[in-house]
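Below is one structure, written out as structure tokens; the observations come after it.
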Amino acid sequence: MNTAEALAQLGISESILTQEQIDAFDRDGYCIFPNVFSPAEIDEMRAEVDRLQKIEGAYGGHEVHIEPGAMRLSNLFNKSEAFDRCLRCGPTLAIAHRLMGEIRVYSLNARNPAKGEGQQPLHSDVWRAHDSDWRMINTMVMLDDMTEDNGPTRVVPGSHKLVPINVPDINLVNAERMEVTPEEKAIMPADPVATHPREVHITGKAGSIAVINGRIWHGGTANKTGITRRVLHMAIGRRDIPQQLNEREHLTLALYKRAAPAERFLLDIEGAEPKVDDPLALPKDARLWKAAQAETTGRY
């Protein structure tokens, strides 16, 4: 099977994208799609996020990293079938296939910043080997309304065409050193936590999604009100790029049995042997990402 065949089995094609959406994604590095998921679907996913957060508590997100000040969850496909619908999210998969060709799931995480918390440095999710080296797209599935006051994601339009900055180390697996020219270094923000003069905030109603190019400069903002702002981050990577969460290493029998052939292909678990009996077992320690303490000049 290849990506085109998998998407065809799921009834997804590039024709679901409008030319305006394609142009916005290519030009600005992001695009917003309203009303992708129904209220009932959102309610089910919210309930599962809340259930899992109560179980994992301070260890939420441990399979990738824990972020102080923000609730995180990871490895969600193995923890609840409520999130399987993200594997059939048409705009996400159509844009990813158009940009990168052969694709697979990179990760599915959840995040919700607490009151007064959530400000992240501007960062890119992935590095690059050359200007047209597109490696990943990320999707924000809004489980609650994302407003100006409850910690919306900020992006710098067009920055996906610039040098990647502050790539989290979890996404630097097998990365080679990236050359940065003096001109590129000059445009890197001296203080990536500060407001960028060209940044815009992504807002939308629950059920909407925003798809961003993984190289765009972006970051969470502080939740001023403490109003719940649960978001799923569904990332799709180029198929030759290591997954952030290795799905084969975390695979449960339940996920393998219920996944359709196209979904197994997208997860890259075809022919895999389930290895995990209890995906909710908590570790003794976990990786910590202190976003506010990120380096100020990038990692290269």
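The values are calculated or read from the model by the stated rules, or taken from the named source; none is laboratory data. Just so we're clear, the structure is a prediction, and the values are computed from it rather than from any experiment. Because the Cβ atoms are built from the backbone with ideal geometry, glycine has one as well, and the counts that use them run over all protein chains shown.
A few remarks follow.
- Which listed residue is of a type in the set (A, V, I, L, M) and assigned to a helix (DSSP H, G or I), from A272, A262: A262
- Within region 11-57, if we keep just the residues that are part of a helix (DSSP H, G or I), under 18 Å from the mean Cα position of the chain (by Cα) and among the aliphatic types (A, V, I, L, M), the residue that is surrounded by the fewest Cβ atoms within 10 Å (Cβ to Cβ) turns out to be I42.
- Tally, over region 122-139, of residues that are under 13 Å from the mean Cα position of the chain (by Cα) and without any contact (Cβ under 8 Å) to a residue 24 or more places away in the chain: 0
- Any hit, region 146-159, residues being modelled with pLDDT under 95 and polar (S, T, N, Q): no
- Any chance L87 is within 30 Å of H160 (Cα to Cα), touching a residue at least 12 places away in the same chain (Cβ under 8 Å) and part of a helix (DSSP H, G or I): yes
- Scan of region 247-258 for residues that are surrounded by 14 or more Cβ atoms within 10 Å (Cβ to Cβ) and under 21 Å from the mean Cα position of the chain (by Cα), ordered by number: E247, R248, H250, L251, L255
- Note on region 164-180: residues that are surrounded by fewer than 10 Cβ atoms within 10 Å (Cβ to Cβ), closer than 15 Å to H130 by Cα and touching a residue at least 60 places away in the same chain (Cβ under 8 Å) amount to 1.
- In region 58-82, the residues that are in a loop (DSSP other than H, G, I, E, B) reach residues that are basic (K, R) with C-beta atoms within less than 7 angstrom, at least six apart or across chains, in these pairs: G60/R72; G61/R72; H65/R287; P68/K290.
- Restricting attention to region 181-192, the residues being assigned to a loop (DSSP other than H, G, I, E, B), out of contact with any strand residue (DSSP E or B) (no Cβ under 8 Å at 6 or more places or on another chain) and surrounded by 16 or more Cβ atoms within 10 Å (Cβ to Cβ) number 2.
- Screening the candidates N166, N112 for the property of being in a loop (DSSP other than H, G, I, E, B) and under 17 Å from the mean Cα position of the chain (by Cα) yields one hit, N166.
- Every pair of residues 6+ apart whose Cβ atoms lie under 6 Å, when the first sits in region 227-254 and is closer than 14 Å to E102 by Cα and touching a residue at least 40 places away in the same chain (Cβ under 8 Å) while the second is assigned to a strand (DSSP E or B) and among the charged types (D, E, K, R): R239/R104
- When restricted to residues that are out of contact with any Phe, Trp or Tyr (no Cβ under 6 Å at 6 or more places or on another chain), surrounded by 13 or more Cβ atoms within 10 Å (Cβ to Cβ) and within 23 Å of Y59 (Cβ to Cβ), region 260-279 contains 2.
- Some residue of region 131-143 being among the hydroxyl-bearing types (S, T, Y) and surrounded by fewer than 24 Cβ atoms within 10 Å (Cβ to Cβ): yes
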